[in-house]
1. Starting from residues that are under 27 Å from B:PRO12 (Cα atoms) and of a type in the set (Lys, Arg), keep the ones in the range B:26-77 and report whichever is farthest from the chain's Cα centre (by Cα).
2. Taking the condition of being in a loop (DSSP other than H, G, I, E, B), in contact with a strand residue (DSSP E or B) (Cβ under 7 Å, 6 or more places away or on another chain) and of a type in the set (D, E, K, R), how many residues in the range A:1-41 meet it?
3. Based on this model, can you work out whether A:LEU13 counts as more than 24 Å from B:THR110 (Cα to Cα) and of a type in the set (A, V, I, L, M)?
4. Yes or no: A:SER84 facing chain B (nearest Cβ under 9 Å) and loosely packed, with under 14 Cβ neighbours inside 10 Å?
5. Only one of these conditions is not met by A:ALA56: (1) free of Cβ contacts under 8 Å to residues at least 24 places away in the same chain; (2) surrounded by fewer than 17 Cβ atoms within 10 Å (Cβ to Cβ); (3) assigned to a strand (DSSP E or B); (4) more than 9 Å from every other protein chain (Cβ to nearest Cβ). Which number is it?
6. Which one of A:MET19, A:MET41 is within 11 Å of chain B (Cβ to nearest Cβ) and under 18 Å from A:VAL110 (Cβ atoms)?
7. Does B:LEU47 satisfy the criteria of being under 26 Å from A:SER49 (Cβ atoms), aliphatic (A, V, I, L, M) and out of contact with any helix residue (DSSP H, G or I) (no Cβ under 9 Å at 6 or more places or on another chain)?
8. Looking at A:LYS14, A:LYS71, A:LYS9, which is the one that is among the basic types (Lys, Arg), more than 14 Å from chain B (Cβ to nearest Cβ) and loosely packed, with under 14 Cβ neighbours inside 10 Å?
Amino acid sequence: NAGVTQTPKFRVLKTGQSMTLLCAQDMNHEYMYWYRQDPGMGLRLIHYSVGEGTTAKGEVPDGYNVSRLKKQNFLLGLESAAPSQTSVYFCASSHRSYEQYFGPGTRLTVT
Amino acid sequence: AQSVTQLDSQVPVFEEAPVELRCNYSSSVSVYLFWYVQYPNQGLQLLLKYLSGSTLVKGINGFEAEFNKSQTSFHLRKPSVHISDTAEYFCAVSDVGSGSARQLTFGSGTQLTVLP
């Protein structure tokens, strides 16, 4: 099993550009999450999903959108990137327990 | 809503010495508690978790943590550290019965650096 994978690993965007980050899991987990990690701030929840076709806002949702059309995939979109969105983005998934499994991260720089 | 405070942002320690990484939480309801480790340029990996039962929880790589409800703490300990333990450590909490979301709230992290 690959676990949780994220695409791409690195990306540089100009202000105003858009992009989509892809998260895929092969563990048949119901729950999926997107976090951003910034120095000294730990991980903050952007959006999450409790099942296929459902999404909800987390702590810092502004400027991001998500979709979960298939159970194994959770997409994070930036419609108009801003320098404040420079961060490392992590996807995670979990089953019925509270233990979350994390992907390797995507390092995004917005110039 | 819950919150997590990791009291030390950086902890340097010599190899084979003991270490304690401190974590305090606040919540109005019962909680589940977790410690995750992040090695450089990697994702987070679960070290250990407290869901119920014994308040002393043992995890991977020789780490353990003790849940203290009266002090709202969940400190992480290891009796003898190795160079390979150098990493960032995150404490996280989830409210019991947080509905269908199973959301975690993370602390700001503690960078453990093991010196030769």
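The values are calculated or read from the model by the stated rules, or taken from the named source; none is laboratory data. Since the structure is predicted, the reported quantities are computational estimates derived from the model, not experimental observations. Every residue, glycine among them, receives a Cβ derived from its backbone with ideal geometry; neighbour counts consider all protein chains shown.
1. Out of the qualifying residues, it is B:LYS58.
2. Total satisfying the criteria: 3.
3. yes
4. In short, no.
5. (4)
6. Every option except A:MET41 fails the conditions.
7. So B:LEU47 fails the test.
8. Selected residue: A:LYS14, the only one of A:LYS14, A:LYS71, A:LYS9 that is among the basic types (Lys, Arg), more than 14 Å from chain B (Cβ to nearest Cβ) and loosely packed, with under 14 Cβ neighbours inside 10 Å.
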